[in-house]
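The values are calculated or read from the model by the stated rules, or taken from the named source; none is laboratory data. Everything numeric in this text was worked out from a predicted model, so none of it was measured. A quick note on method: Cβ atoms are made from the backbone with ideal geometry, for glycine too, and the neighbour counts reach across all protein chains shown. The accessibility values were calculated without ligands, DNA or RNA, using every heavy atom of the protein model including side chains. Shrake-Rupley method; radii C 1.70, N 1.55, O 1.52, S 1.80 Å.
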Amino acid sequence: MIHNKINVFNVETLHGQFQSFDGGPAIAEVIKFVKLYQLYSSAANELFTKLENLDSEFQVMHDYNPIHAIDSRMKTPQSLLDKLNRKKIKVTAANVQAKIYDVAGLRVITNYLNDIYTIRDLLVNESDIELIKEKDYLKNPKSSGYRSLHLVLAIPVFQSTGLKKVPVEIQIRTIGMDMWASLEHKLRYKNSDDSITKYAQKLEDYANQLLAIEQGMQVIQQNL
Ligand code: GTP
Ligand code: MG
């Protein structure tokens with residue numbers, strides 16, 4: 001399994017980053033944001049470990065790994081502030097806790113289609129995890145062709161001041177869906193020209209072809 005932690009929380013730089021933005025939080029609020037990032041990165045780490053443990057159990061019990069790779073990332077302060085401004089939400093740590101669910105994010109890349117719901121059910125059935133939100137872009141793919149299962153889970157984190165329940169967004173998708181989403185995301189956000197429009201039809205076709213291939217591969221794998 002490939003492990004990948006990005007934008008790992010770093011208290012020294014975080015403090016400076018929040019203070020330096022136009023429209024960023026007031027000084028007194030900055031410390032609350034730093035605490036919030038510490039708490040949320042702990043939640044991401046907890047969930048990351050749960051997933052590693054589940055995958056390792058599958059390896060031992062079934063000689064099979066449902067998970068191909070896990071990425072975890074913290075939303076950058078800049079992207080968090082942009083999102084608050086876009087949604088016209090006042091920049092406070094309390095508002096982030098109440099309204100923004102993707103400060104901490106994990107992406108789980110599975111080997112096969114069925115693994116997506118295996119992972120989902122295992123997590124949702126853990127007694128300390130609570131399902132807050134679910135968007136199933138497998139059953140209802142986006143018009144672009146995007147497929148993925150999005151969950152927001154509340155993860156318990158034990159701090160010196162007591163137990164906190166923290167939302168973590170998790171996107172679960174296959175290798176094929178991830179390959180597609182990475183390219184489509186690059187076209188959408190990194191290119192200033194109209195390449196997303198130019199390739200829209202092709203991308204939609206490829207998303208369907210990838211699904212058909214992964215369905216076929218699943219059948220072969222199940223008959224092993
Ligand atoms: P937010 O308030 O931004 O979270 O909007 P939302 O909750 O309506 O978004 P949603 O849960 O549908 O999607 C959030 C994330 O899913 C994005 O940041 C992307 O990572 C991914 N995503 C959603 N749609 C697409 C898409 O069409 N293409 C790609 N490449 N990624 C997508
Ligand atoms: Mg979202």
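From the residues in the range 101-136 that are within 15 Å of ligand 2 (Cβ to nearest atom) and among the charged types (D, E, K, R), which one is farthest from Ala44 (Cα to Cα)?
Within the range 101-136, the subset within 15 Å of ligand 2 (Cβ to nearest atom) is 101-107, 131-136.
From what's left, among the charged types (D, E, K, R): 102, 107, 133-136.
Working: Asp102: 10, Arg107: 11, Lys133: 16, Glu134: 18, Lys135: 19, Asp136: 21 Å.
Residue satisfying both the conditions and the ranking: Asp136.
To keep it simple, each residue is scored yes or no on (1) farther than 30 Å from Glu214 by Cβ; (2) among the small types (Gly, Ala, Ser); (3) open to solvent by 40 Å² or more (accessible area, probe 1.4 Å).
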{"residue": "Lys50", "(1), (2), (3)": "no, no, no"}
{"residue": "His62", "(1), (2), (3)": "no, no, yes"}
{"residue": "Ala69", "(1), (2), (3)": "no, yes, no"}
{"residue": "Arg73", "(1), (2), (3)": "no, no, yes"}
{"residue": "Leu80", "(1), (2), (3)": "yes, no, no"}
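Can you tell me which of (1) part of a strand (DSSP E or B); (2) in contact (Cβ under 8 Å) with a residue 40 or more places away in the chain; (3) surrounded by fewer than 20 Cβ atoms within 10 Å (Cβ to Cβ) is the one Phe158 doesn't meet?
Here Phe158 clears every test but (2).
Name every residue in the range 122-153 that is away from ligand 1 (no atom under 13 Å from the Cβ), open to solvent by less than 70 Å² (accessible area, probe 1.4 Å) and over 15 Å from Glu169 (Cβ atoms), in order of residue number. I'd like the intermediate steps shown before the answer.
To start, the set of residues in the range 122-153 that are away from ligand 1 (no atom under 13 Å from the Cβ) comprises 122-131, 139, 153.
From what is left, the residues that are open to solvent by less than 70 Å² (accessible area, probe 1.4 Å) are 122-124, 126, 128-129, 131, 153.
Leu122, Glu126, Asp128 - these are the residues of the range 122-153 that are away from ligand 1 (no atom under 13 Å from the Cβ), open to solvent by less than 70 Å² (accessible area, probe 1.4 Å) and over 15 Å from Glu169 (Cβ atoms).
Just give me the residues in the range 181-195 being more than 23 Å from Arg107 (Cα to Cα) and either in a helix (DSSP H, G or I) or within 16 Å of ligand 2 (Cβ to nearest atom) (or both), in sequence order.
Matches in the range 181-195: Ser195 only.
Of all residues in the range 146-179, which are within 13 Å of ligand 2 (Cβ to nearest atom), touching a helix residue (DSSP H, G or I) at 6+ places or on another chain (Cβ under 8 Å) and within 19 Å of Ala94 (Cβ to Cβ)?
Matches in the range 146-179: Pro167, Val168.
Exactly one of (1) open to solvent by less than 40 Å² (accessible area, probe 1.4 Å); (2) modelled with pLDDT of 95 or more is unmet by Ser195. Its number?
(2)
Taking the range 92-104 as the search range and keeping residues that are open to solvent by less than 10 Å² (accessible area, probe 1.4 Å) and not in a helix (DSSP H, G or I), which one is nearest to ligand 1 (Cβ to nearest atom)? Even if it seems obvious, please write down each step before you answer.
Initially, the range 92-104 is screened for residues open to solvent by less than 10 Å² (accessible area, probe 1.4 Å), giving 93, 96, 100, 103-104.
Next, from what is left, pick out any that are not in a helix (DSSP H, G or I): 100, 103-104.
On the way: Ile100: 8, Val103: 11, Ala104: 13 Å.
So, considering only residues that are open to solvent by less than 10 Å² (accessible area, probe 1.4 Å) and not in a helix (DSSP H, G or I), the one nearest to ligand 1 (Cβ to nearest atom) is Ile100.
Restricting to the range 207-224, count the residues that are part of a helix (DSSP H, G or I) and at pLDDT below 95. Walk me through how you get there before you give the answer.
From the range 207-224, those part of a helix (DSSP H, G or I) are 207-222; that's our starting set.
Applying the additional criterion that residues be at pLDDT below 95 yields 221-222.
Here the count works out to 2.
Can you list residue pairs whose Cβ atoms sit under 8 Å apart, with the first residue in the range 32-52 being more than 14 Å from Val108 (Cα to Cα) and the second being of a type in the set (Phe, Trp, Tyr) and open to solvent by less than 10 Å² (accessible area, probe 1.4 Å)? Count only pairs 6 or more apart in sequence or on different chains.
Hits for this filter: Phe33/Phe18; Val34/Phe18.
For residues that are over 13 Å from Leu151 (Cβ atoms) and either open to solvent by 70 Å² or more (accessible area, probe 1.4 Å) or within 16 Å of ligand 1 (Cβ to nearest atom) (or both), tally how many sit in the range 111-121. Break it down into steps so the answer makes sense when it comes.
Looking only at the range 111-121, we keep the residues that are over 13 Å from Leu151 (Cβ atoms), and these are 111-115, 118.
Still in the list and also either open to solvent by 70 Å² or more (accessible area, probe 1.4 Å) or within 16 Å of ligand 1 (Cβ to nearest atom) (or both): 114.
Total satisfying the criteria: 1.
Out of Glu169, Glu204, I need the residue that is surrounded by 12 or more Cβ atoms within 10 Å (Cβ to Cβ), in a strand (DSSP E or B) and within 11 Å of ligand 1 (Cβ to nearest atom). Which one? Walk me through how you get there before you give the answer.
Details: Glu204 fails: in a strand (DSSP E or B).
Result of the check over Glu169, Glu204: Glu169.
If you check Ala98, Ala26, which single one turns out to be modelled with pLDDT under 95 and either within 16 Å of ligand 2 (Cβ to nearest atom) or not charged (D, E, K, R) (or both)? Reasoning before the result, please.
Working: Ala98 fails: modelled with pLDDT under 95.
Just a single option satisfies the conditions, and that option is Ala26.
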